[in-house]
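A short worksheet on the structure shown next.
The values are calculated or read from the model by the stated rules, or taken from the named source; none is laboratory data. Computed from a prediction, not measured in an experiment: that's the story for all the values here. So basically every Cβ, Gly included, is an ideal-geometry build from the backbone, and we count neighbours across all protein chains shown.
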Amino acid sequence: MAVETTTRAKLRWGLLDVIVVVFALVPVLWIASLSFKTPATLTDGKFLPREWTLENYRTIFATDQFVRALVNSIGIALIATLIAVVLGAMAAYAIARLDFPGKKLLVGVSLLIAMFPQVSLVSPLFEIERQIGLFDTWPGLILPYITFALPLAIYTLSAFFKQIPWDLEKAAKMDGATQGQAFRRVIAPLAAPGLFTTAILVFIFCWNDFLFAITLTSTERARTVPVALSFFTGASQFEDPTGAICAAAVVITVPIILFVLFFQRRIVSGLTSGAVKG
Amino acid sequence: MADIVLDKVSKRFPDGTDAVRDVDLEIADGEFVILVGPSGCGKSTTLNMIAGLEDISSGELRIGGERVNDKAPRDRDIAMVFQSYALYPNMTVRENMAFPLRLQKLDRETINSKVEEAAKVLELTALLDRRPANLSGGQRQRVAMGRAIVRQPKAFLMDEPLSNLDAKLRVQMRTVVSRLQKQLGTTTVYVTHDQTEAMTLGDRVVIMRGGQVQQVGPPQELYDHPRNLFVAGFIGSPSMNFLHAAVEEGALRTALGDVPIGDRLRRELEAADAPRELILGVRPEHFEDAELVDAETGRRGLEFEAPVEIVESMGSDKYVYLTVEGERASAAELEELAADAGAADLTGGGANLVTRLSAESSVTEGETRRVWFNLEKIHLFDPANGRNLTLHEGRAAGALAG
């Protein structure tokens, strides 16, 4: 009886898992499949390409447009992630550990920023950036990215900091550390899983953004990949660039996957075990 | 190494609670002082103030003659062992112990030799390259001690360092701590809620209650001459028996019979305008099976009869629980002690006596036994303020004295 139940439960869960995975992955696989098709077979509706070709990839890397956008994307996302995580870590540490005046206000305001619809900010940001000369520059995108990533960073990180036993910090202070040393040498290494998790989330947010990128850029100087993709044209005016767009779409998922895989190794659970009793 | 002086040190938290009130304490250079009391008595707060982890609301703290109220912990040169050990999990044992030295910017060789030396003292040499997660509780505790001793600070502060160990290991570590402190001769302040640790470890014991110091003294003095009801009830295991006593016609009427009052006590009672109702305190070991008491000793005490409820044979002696009729002693201090022991609602009607009789006693459960108790060793307390009325020049002399 019990065995039967578990097999049935296993089957049920297995079926559910398959449905979820298929549902999530079919569009991605479809895009990947399209990117390997020749223009002639592009619309044949077959899931597996009948004729394999790398032509689409050659096309996108041949144009300076895409490569330049890729560089912009990587640069902007990395810098924004770094700054957001460092600032977020300091803010989150203060929120988790200290009782300072205006703490609730700070948390409230950062929550407000996270809830604010980005669309409503795009026009004013466009005007402001044009006035102060940030329009179509890297900092012009990095700044709004940091602004919108910080609440996320602060929330995830303060949750991580709260888990670290406070005694460790006291011990570091007794051992002769300044507040800064205690943070850098004891707390931050222990919060590393949290820092990496946050970094991944912030990086994905920056990497995927389209709204800010299309509004606040106008040339290849700062245009990121999602935007560059939308500007793709075929070899001639009458050729459909579907194949190239698909190839580009596949290419831009690669850095995300690499980034996640790289940092996932660092997210070792149970890093704090052994610090305090039990 | 240095002495530590607390001069009217108080701690008031922002929410208005007074955690520590006007604590005066002078800890001599090299002394081992224990702060003990029930939970919430302010002992840990006091320790944290000495450490510099809590601000001092008022009063002055001097270490080595120097006022350190406003100094950061790192400038006070004192080491602390935490109840939770607080080892850095991302570092090996060696790195943990080297951490304070590295912060002092010592060169690598000095650090290494000091760590090795401390590791040898604590028998940690084989474990130096392990991480805290791979150590047992006792080993972690020793690493925490090692981290404290390695830089030879002016003083050690220990916040219930043994309370996370199992009973057997605790006894073992107690001797380790004691030996280490004697060997190093470093001023040590040790916080515990365990009165056995307090009795066995310290040169002097400070008993705290509600943020105030109740009594300071060597363990034996606290045991023999408790200044008040709270100290009497807190020190000693099993704890002192308390019985209601009424002053009537030159004697004390108690559940154990009429206790005669000596002249000196009578004068004292009159002078102090003492109440008619008192609390009688007798330690378990001051009872004895009446059969085993010789005539001469017998004259110094009193005999009574009581039904035997439970006999616990400890091998060396017997703990005998007796039931006696009569009113139970009641005072705020006693209720607090009972609450701390978690036994507030355990006592039934009448009064229970815990007695420690000789192992030779043939006492059995269920019988009614004649038991003798030593009148020279009894204490009398004022239920209103808990004061010990039998103290003379700081010494208790029993009810019959003078």
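Summary table
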| quantity | calculated |
| --- | --- |
| Unmet criterion (only one of (1) buried (at least 22 other Cβ atoms within 10 Å of the Cβ); (2) more than 22 Å from the chain's Cα centre (by Cα); (3) within 13 Å of chain A (Cβ to nearest Cβ)) for residue B:155 | (2) |
| Within the range B:11-67, tally of residues that are out of contact with any strand residue (DSSP E or B) (no Cβ under 9 Å at 6 or more places or on another chain) and touching a residue at least 60 places away in the same chain (Cβ under 8 Å) | 1 |
| Residues within the range A:5-45 that are among the basic types (Lys, Arg) and either touching an Asp or Glu at 6+ places or on another chain (Cβ under 8 Å) or surrounded by 11 or more Cβ atoms within 10 Å (Cβ to Cβ) (or both), tallied | 1 |
| Pairs with Cβ under 9 Å, 6+ apart, first in the range A:96-118 and basic (Lys, Arg), second at pLDDT 85 or above | A:97/A:161; A:97/A:162; A:97/A:166; A:97/A:169; A:97/A:187; A:103/A:94; A:103/A:95 |
| Qualifying residue in the range B:11-21 (condition: of a type in the set (Gly, Ala, Ser) and closer than 22 Å to residue B:333 by Cβ) | yes |
| Criterion: closer than 26 Å to residue B:83 by Cβ and either in contact (Cβ under 8 Å) with a residue 60 or more places away in the chain or away from chain B (no Cβ under 14 Å) (or both) - qualifying residue of A:182, A:177, A:188 | A:188 |
| Odd one out for residue B:188 among (1) outside any helix (DSSP H, G or I); (2) within 13 Å of another protein chain (Cβ to nearest Cβ) | (2) |
| Single residue of A:53, A:43 found to be without any contact (Cβ under 8 Å) to a residue 12 or more places away in the chain, among the polar types (S, T, N, Q) and not in a helix (DSSP H, G or I) | A:43 |
| Subset of the range B:41-69 [within 14 Å of chain A (Cβ to nearest Cβ) and hydroxyl-bearing (Ser, Thr, Tyr)] | B:44, B:45 |
| Selection status of residue B:130, charged (D, E, K, R) and either away from chain A (no Cβ under 13 Å) or more than 23 Å from residue B:75 (Cα to Cα) (or both) | yes |
| Test: residue in the range B:95-104 that is of a type in the set (S, T, N, Q) and in contact (Cβ under 8 Å) with a residue 40 or more places away in the chain | yes |
| 1 or more residues more than 24 Å from residue B:187 (Cβ to Cβ): qualifying strands (runs of 3 or more DSSP E) within the range B:1-113 | B:4-12, B:18-27 |
| Criterion: closer than 30 Å to residue B:153 by Cβ, surrounded by 22 or more Cβ atoms within 10 Å (Cβ to Cβ) and in contact (Cβ under 8 Å) with a residue 40 or more places away in the chain - qualifying residue of B:254, B:196, B:187 | B:187 |
| From A:147, A:137, residue being without any contact (Cβ under 8 Å) to a residue 60 or more places away in the chain, touching a helix residue (DSSP H, G or I) at 6+ places or on another chain (Cβ under 9 Å) and within 26 Å of residue A:202 (Cβ to Cβ) | A:147 |
| Within the range B:193-300, helices (runs of 4 or more DSSP H) holding 2 or more residues that are closer than 30 Å to residue B:48 by Cβ, touching an Asp or Glu at 6+ places or on another chain (Cβ under 6 Å) and not basic (Lys, Arg) | B:229-234 |
| Residues located in the range B:70-98, provided they are in contact with a Gly (Cβ under 8 Å, 6 or more places away or on another chain) and more than 11 Å from chain A (Cβ to nearest Cβ) | B:71 |
| Members of the range B:31-74 found to be β-branched (Val, Ile, Thr), within 17 Å of the chain's Cα centre (by Cα) and closer than 11 Å to residue B:6 by Cβ, listed by number | B:33, B:46 |
| Count - residues of the range B:2-30 that are within 20 Å of the chain's Cα centre (by Cα), of a type in the set (A, V, I, L, M) and closer than 11 Å to residue B:211 by Cα | 3 |
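Matching residues to (1) on the phi > 0 side of the Ramachandran plot; (2) surrounded by fewer than 17 Cβ atoms within 10 Å (Cβ to Cβ); (3) at pLDDT below 85:
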| residue | (1), (2), (3) |
| --- | --- |
| A:171 | no, no, no |
| A:175 | no, no, no |
| A:205 | no, no, no |
| A:212 | no, no, no |
| A:225 | no, no, no |
| A:241 | no, no, yes |
| A:246 | no, no, no |
| A:270 | yes, yes, yes |
